[in-house]
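Working notes, structure below.
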Amino acid sequence: DDYRCFVMDLEIAEDMFLLSSQPVPDQRTLVHHILVYAVSGDSLTEVLEADAADGSGYTCFGAPFPSDEKGASLSDAGNLPILVGTWVPGSQPGAPSDEMSTHIPAGSRIVMQIHYNTLAGEVTEDDTRFEMMLTSKPTTYLAASRPVLLPGLFAAANDPAALNKHLFTNYTDDPITIVRLGPHMHLLGSRYKAEVVRASGDTECAIEIPKWDFNWQEGYPLP
């Protein structure tokens, strides 16, 4: 497995608003997933230094920060840069919305992290690209994508019914509107379910996938 980050040439000179995006993998036998971030501030300085030192991207894991140790850059998902694009097997391009966008602040650079599985096929040159639809006009709603990581994931050997679950709490005083969920598991995953737990204790099914298919990973809008 090779986790590689690439700093894209595009420089965001003024505040922009992302309406839609789509990573387009080239070598699909090698590309396992793609995460694209808008990086700014001190984090951008770290990224540019790593890119300049290597010359052909740099090693990273999950997040766009330089990292030789798996998991080190995912220690605090709340501090990750702005996620502006994802691709996993089965991804379909989302329809743009004139009412909802993701804010990309001026001075940001786009960093594309690609996970290559080098055992899946012959290692060759990859020309993966990233497409964005941007506007300089603010939209009615601003959305933010955040990874929700399941800590302590464990499945005992030869246990096909292993169950992992976690309760994520909104500790702020502000309500959170969830508009979309995108489940992600690997080949051992068999089913997926997410529920909304209200303050009263009542639960509502947000999404349920009774038969997980690694080759069909999609984001699903909530009603």
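The values are calculated or read from the model by the stated rules, or taken from the named source; none is laboratory data. No experiment lies behind these values; they were computed from the predicted model shown. Every residue, glycine as well, gets a Cβ built from its backbone with ideal geometry; the counts of neighbours run over all protein chains shown. Just so you know, the surface numbers come from the protein's heavy atoms only, side chains and all, with ligands and any DNA or RNA stripped out. Shrake-Rupley method; radii C 1.70, N 1.55, O 1.52, S 1.80 Å.
Taking the chain as a Gaussian network of alpha-carbon nodes connected by springs under 10 Å, the highest mean-square fluctuation of the residues ASP127, ASP54, ASP173 belongs to ASP173.
Take every pair of alpha-carbon atoms less than 8 Å apart whose residues are at least six positions apart; their mean separation over the length of the range 103-223 yields a relative contact order of 18 percent.
Selection among ILE110, CYS60, HIS184 by position relative to the dipole of the chain gives HIS184 as farthest towards the positive end (Cβ unit charges, Cα centre). Across the range 204-211, rounded Karplus estimates of 3J(HN,Hα) from the backbone phi angles (6.51 cos²θ - 1.76 cosθ + 1.60, θ = phi - 60°) give 10, 6, 8, 7, 9, 10, x, 9 Hz, Gly and Pro being marked x.
Rolling a 1.4 angstrom probe over the protein heavy atoms with all chains in place gives the range 134-223 an accessible area of 85 Å² per residue. Distant-in-sequence amide contacts of SER190, defined by a placed amide H-H separation under 5 Å and a gap of 5 or more residues or a different chain, comprise nothing. Note on the chain: helix-only mean residue ellipticity at 222 nm, from DSSP H runs of 4+ residues weighted -39500 (n - 2.57) and normalised by residue number, equals -2000 deg cm²/dmol. Potential lengthening of the chain between CYS205 and SER56 amounts to 49.2 nm, from the contour at 0.36 nm per residue minus the alpha-carbon distance. Once you sort the root eigenvalues of the Cα gyration tensor of the range 92-223 as a ≥ b ≥ c, which label holds: rounded (a/c under 1.5), prolate (a/b larger than b/c) or oblate (the other case)? Verdict is oblate for the range 92-223. So, with a 1.4 angstrom probe, what is the percent of accessible area on the chain that is carbon and sulfur? Summing carbon and sulfur atoms, their accessible area is 51 percent of the total for the chain. Around the amide H of CYS60, modelled in the peptide plane, lie the amide H atoms of TYR3, ARG4, CYS5, SER67, all under 5 Å away and 5 or more residues distant in sequence or on another chain. Pairwise inverse Cα distances across the range 1-65, averaged and inverted, put the Kirkwood hydrodynamic radius at 13.4 Å.
If you take the square roots of the eigenvalues of the alpha-carbon gyration tensor of the range 116-161 and sort them as a ≥ b ≥ c, do you get rounded (a/c under 1.5), prolate (a/b over b/c) or oblate? Cα axes put the range 116-161 in the oblate bin. The shape of the chain comes out oblate: with a ≥ b ≥ c from the C-alpha gyration tensor, a/c is at least 1.5 while a/b does not beat b/c. Largest mean-square fluctuation among GLY107, GLY201, GLY90, in a Gaussian network model of the chain whose springs join Cα atoms under 10 Å apart, belongs to GLY201.
Here the range 89-146 is treated as a Stokes sphere of Kirkwood radius computed over C-alpha pairs; at 4 °C and 1.567 mPa s its diffusion coefficient rounds to 87 µm²/s.
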